[in-house]
Amino acid sequence: MSIDISITRNQNSNLSSYDQDNIVFGKNFTDHMFIADFDGEKWGDFRIVPTGELNVHPANSMWHYGQSIFEGMKAYKNDNGDAFLFRPLENAKRLNHSAVRMCMPEIPTDIFMEGLQTLMSLDKDWIPNRPGSSLYIRPFMMAWDTFLGVRPSSTYRFMILCSPAGKYYAEPVRVKIETEFSRAAGGGTGHAKAAGNYAGAMYPTKLAMESGYQQIIWTDSKEHKYVEEAGTMNLMFMYNGKLTTSPVSDTILNGITRKSVLGIAKDWGIEVEERQVDVHELVQAIKDGHVTEAFGVGTAATIAQIKTIGLDGVDYDLPAITDDMFQVKINTYLEDFRKGNVDDKFGWREVIK
């Protein structure tokens with residue numbers, strides 16, 4: 001199904017406002033954004049307009065009750081000027097998964113994809129092609145009723161906003177295992193990309209940063225016994241030669257980078273183990289040399305190398321990172337894959353026309 005998208009072009013492009021060699025994540029925005037509105041029964045009024053401010057009433061129920069979800073995805077460009085999206089249908093699927101949990105309407109995949117492709121074709125020149133760079137794409141949905149009663153909104157707005165992105169972490173990070181605060185609890189919204197999940201994580205992350213760490217390793221909320229995620233990323237270890245990660249659950253986000261890394265590892269003949277990892281088991285395994293790599297995987301950073309894990313005031317260092325490690329090889333492969341420099345054997349790439 002094709003949708004009718006109204007396009008209002010930006011007559012004053014901001015393309016020259018950012019330096020591809022010095023990109024600050026989330027600071028600069030492309031010339032256009034996609035908008036669709038849900039009127040209580042169906043999605044409509046599809047439009048692409050110049051990126052700019054919204055006119056939002058202060059009684060909008062989004063502000064007060066938190067019906068807001070989002071996705072994170074990227075577009076890539078190679079030296080030949082070819083541009084690609086990476087597994088966009090997975091983002092559409094996960095957005096709708098979040099919508100169901102947050103009592104919001106699902107958005108049909110054809111609307112998501114056609115709006116995305118049309119927007120990308122307009123702002124394709126914004127996609128940087130430097131090593132480690134990309135165009136970060138933020139599809140999001142929010143409640144749109146002007147009403148202060150506590151109930152699901154009847155109307156909603158879906159938008160896609162884009163921003164050039166460079167490397168998220170410039171070097172391997174120090175992380176702290178969190179044993180007091182929780183990111184998510186069973187039965188909650190941890191498996192959805194709901195805005196409130198990130199707000200609740202900011203205070204404990206701030207405390208960790210004040211203690212000399214860049215991020216947190218979250219643990220289960222019941223006992224703080226098992227590791228779950230690394231900040232805003234899924235968490236992985238190379239443990240006795242196996243790629244080990246926590247299984248997805250209602251407290252762990254089903255990351256698209258996560259499932260991609262696991263799929264590639266299996267294709268490479270690496271044994272993959274999805275199981276709960278006990279905090280103290282992990283520390284002992286690092287001390288004994290059984291854990292040789294630890295890293296986060298997610299859209300923003302792709303692979304966030306971890307050099308130190310702290311627990312209860314004691315730091316445990318991982319082996320120095322070398323080019324023959326899995327985390328380095330997979331990061332290089334994903335960079336080449338997403339830019340179209342290797343064959344798409346998995347069918348994950350989509351050409352931006």
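The values are calculated or read from the model by the stated rules, or taken from the named source; none is laboratory data. None of the values given here were measured: they were computed from a predicted structure. Neighbour counts run over all protein chains shown; Cβ positions are idealised from the backbone, glycine included. When the accessible area is computed, the model is the full protein with side chains, heavy atoms only, and any ligands, DNA or RNA have been set aside. Shrake-Rupley method; radii C 1.70, N 1.55, O 1.52, S 1.80 Å.
Between Lys193, Lys225, which is among the basic types (Lys, Arg) and under 17 Å from Ala300 (Cα atoms)? Going through Lys193, Lys225 in turn, just one is among the basic types (Lys, Arg) and under 17 Å from Ala300 (Cα atoms): Lys193.
Let's see how each residue does on (1) of a type outside the set (A, V, I, L, M); (2) open to solvent by 60 Å² or more (accessible area, probe 1.4 Å); (3) part of a loop (DSSP other than H, G, I, E, B); (4) in contact (Cβ under 8 Å) with a residue 60 or more places away in the chain:
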| site | (1), (2), (3), (4) |
| --- | --- |
| Met238 | no, no, no, yes |
| Leu243 | no, no, no, yes |
| Arg258 | yes, no, no, no |
| Gly263 | yes, no, no, yes |
| Ile286 | no, no, no, no |
| Glu293 | yes, no, no, no |
| Val297 | no, no, no, yes |
| Ala300 | no, no, yes, yes |
| Gln305 | yes, no, no, yes |
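Residues are listed down the side, and each one gets a yes or a no for (1) more than 24 Å from Leu334 (Cβ to Cβ); (2) without any contact (Cβ under 8 Å) to a residue 24 or more places away in the chain; (3) in contact with a strand residue (DSSP E or B) (Cβ under 6 Å, 6 or more places away or on another chain):
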{"site": "His64", "(1), (2), (3)": "yes, no, no"}
{"site": "Asp79", "(1), (2), (3)": "no, no, no"}
{"site": "Glu114", "(1), (2), (3)": "yes, no, no"}
{"site": "Gly132", "(1), (2), (3)": "no, no, no"}
{"site": "Tyr136", "(1), (2), (3)": "no, no, yes"}
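Is there a residue in the range 192-205 that is surrounded by 16 or more Cβ atoms within 10 Å (Cβ to Cβ), more than 15 Å from Gly66 (Cβ to Cβ) and in contact (Cβ under 8 Å) with a residue 24 or more places away in the chain? Yes, the range 192-205 has at least one match.
Exactly one of these conditions fails for Val351: (1) surrounded by 13 or more Cβ atoms within 10 Å (Cβ to Cβ); (2) in contact with a Phe, Trp or Tyr (Cβ under 8 Å, 6 or more places away or on another chain). Give me its number. Checking Val351 against (1) surrounded by 13 or more Cβ atoms within 10 Å (Cβ to Cβ); (2) in contact with a Phe, Trp or Tyr (Cβ under 8 Å, 6 or more places away or on another chain), the one that fails is (1). Can we say Leu135 is among the aliphatic types (A, V, I, L, M) and open to solvent by 50 Å² or more (accessible area, probe 1.4 Å)? No. Looking only at residues of the range 245-256 that are without any contact (Cβ under 8 Å) to a residue 60 or more places away in the chain and among the β-branched types (Val, Ile, Thr), we find that the one that is nearest to Asp288 (Cα to Cα) is Thr245.
With respect to (1) outside any loop (DSSP other than H, G, I, E, B); (2) open to solvent by 10 Å² or more (accessible area, probe 1.4 Å); (3) over 16 Å from Gly298 (Cβ atoms); (4) out of contact with any Lys or Arg (no Cβ under 8 Å at 6 or more places or on another chain), the lone exception for Ala92 is condition (2). Number of residues in the range 190-209 that are under 15 Å from Asn234 (Cα atoms) and basic (Lys, Arg) equals 1. Taking the range 1-49 as the range and being part of a loop (DSSP other than H, G, I, E, B), among the aliphatic types (A, V, I, L, M) and surrounded by 13 or more Cβ atoms within 10 Å (Cβ to Cβ) as the test, the residues that pass are Ile3, Ile5, Ile23.
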